[in-house]
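To start, the structure itself, in structure tokens.
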Amino acid sequence: MEFPPLKAATFVRRINRFVGEIFLEGRLVKALIRNTGRLSELLKPGNAVFVREKKGGKYGYEILLARAQKSLVCIESHYANALFEEYLIKQGIKGFRKEYNFKGMRFDFLIGNTLVEVKSVNLVKNGIAMFPDAPTKRGAKHIRILTSLPKDLKPLLVFVCQREDCKAFRPNCEMDEEFCEAFYEYVSKGYTVKAFRCKVSLKEIYIAEELDVWR
């Protein structure tokens with residue numbers, strides 16, 4: 001997936017979950033953040049970020065990338081679905097449905113009889129990708145529904161790490177015990193979890209390889 005033209009900026013502060021203040025081209029401006037995670041190690045004062053110019057809306061810019069010590073990190077959480085869709089197409093998988101509603105919840109894909117939920121991962125500690133980086137009752141609810149599907153449906157839980165500096169994935173139990181309980185109930189039934197590492201540059205991002213999932 002190619003990025004639009006990006007501008008380098010310096011992060012100043014996070015005003016709320018969806019808005020940050022950046023120093024761009026000699027002035028302070030507000031920029032959209034499409035990620036409800038804490039991102040505390042990425043969106044910190046003085047850190048380098050890269051933004052795209054928006055057309056329309058309240059804010060003229062959106063933060064797409066942030067600089068980590070060993071990698072660029074795509075913080076746009078909505079990209080995870082598009083990255084996984086791109087990966088499916090490259091694998092020759094066709095005929096899937098997007099944003100499939102089941103039991104009042106929207107799931108990201110239905111591939112044949114497999115119901116898929118995709119999560120965007122931005123947090124890495126000591127080379128291990130971790131999710132979530134903020135409590136997520138919605139995430140736990142998604143997994144519990146996947147754990148109790150009728151026999152004609154199969155579940156698949158996917159984590160897309162939108163950075164390069166990771167060698168494995170595990171749930172972030174220190175951050176969200178409820179999510180972790182749901183995750184381990186899911187894997188205890190033998191259901192599939194997949195995690196992927198992305199290749200990221202200022203020009204593009206794409207899924208590069210599958211990661212080990214630590215249970």
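The values are calculated or read from the model by the stated rules, or taken from the named source; none is laboratory data. Since the model is a prediction, treat every value here as computed from it, not as a measurement. Note that we place each Cβ from the backbone using ideal geometry, even for glycine, and neighbour counts take in every protein chain shown. Areas reflect the complete protein model, heavy atoms only, side chains present, ligands, DNA and RNA absent. Shrake-Rupley method; radii C 1.70, N 1.55, O 1.52, S 1.80 Å.
Taking every residue in the range 71-100 that is in contact (Cβ under 8 Å) with a residue 12 or more places away in the chain and closer than 14 Å to Ala208 by Cα and pairing it with any residue that is among the β-branched types (Val, Ile, Thr) and open to solvent by 40 Å² or more (accessible area, probe 1.4 Å), at least 6 positions away or on another chain, the pairs with Cβ-Cβ distances below 9 Å are Tyr87/Ile93.
Taking the stated definitions as given, is Lys194 modelled with pLDDT of 95 or more, outside any helix (DSSP H, G or I), buried (at least 16 other Cβ atoms within 10 Å of the Cβ) and among the charged types (D, E, K, R)? So Lys194 passes the test. Among the residues of the range 62-73, the ones that are open to solvent by 20 Å² or more (accessible area, probe 1.4 Å) and either in contact with a strand residue (DSSP E or B) (Cβ under 6 Å, 6 or more places away or on another chain) or assigned to a strand (DSSP E or B) (or both) come to 1 in all.
Does Ile15 meet the test of being open to solvent by 60 Å² or more (accessible area, probe 1.4 Å), without any contact (Cβ under 8 Å) to a residue 12 or more places away in the chain and either among the hydrophobic types (A, V, I, L, M, F, W, C) or assigned to a strand (DSSP E or B) (or both)? No. Which of the residues spanning the range 106-117 are in contact (Cβ under 8 Å) with a residue 40 or more places away in the chain, in a strand (DSSP E or B) and either farther than 22 Å from Arg138 by Cα or open to solvent by 20 Å² or more (accessible area, probe 1.4 Å) (or both)? Scanning the range 106-117 gives Ile111, Thr114.
Among the residues of the range 108-136, which ones are touching an Asp or Glu at 6+ places or on another chain (Cβ under 7 Å) and more than 27 Å from Ser71 (Cβ to Cβ)? Hit for the range 108-136 is Asn113, nothing else.
Taking the conditions (1) of a type in the set (Gly, Ala, Ser); (2) out of contact with any strand residue (DSSP E or B) (no Cβ under 8 Å at 6 or more places or on another chain); (3) modelled with pLDDT under 95; (4) under 30 Å from Met175 (Cα atoms) in turn, Gly56 satisfies each one other than (4). Consider the range 118-153 and keep the residues that are more than 22 Å from Thr192 (Cβ to Cβ) and assigned to a loop (DSSP other than H, G, I, E, B). The one that is most open to solvent (accessible area, probe 1.4 Å) is Asn126. Answer yes or no as to whether Glu86 is at pLDDT 95 or above and open to solvent by less than 40 Å² (accessible area, probe 1.4 Å). Judged against the criteria, Glu86 is not a match. Quick one: would you say Glu99 is part of a strand (DSSP E or B), surrounded by fewer than 15 Cβ atoms within 10 Å (Cβ to Cβ) and touching a Lys or Arg at 6+ places or on another chain (Cβ under 9 Å)? It is true that Glu99 is part of a strand (DSSP E or B), surrounded by fewer than 15 Cβ atoms within 10 Å (Cβ to Cβ) and touching a Lys or Arg at 6+ places or on another chain (Cβ under 9 Å).
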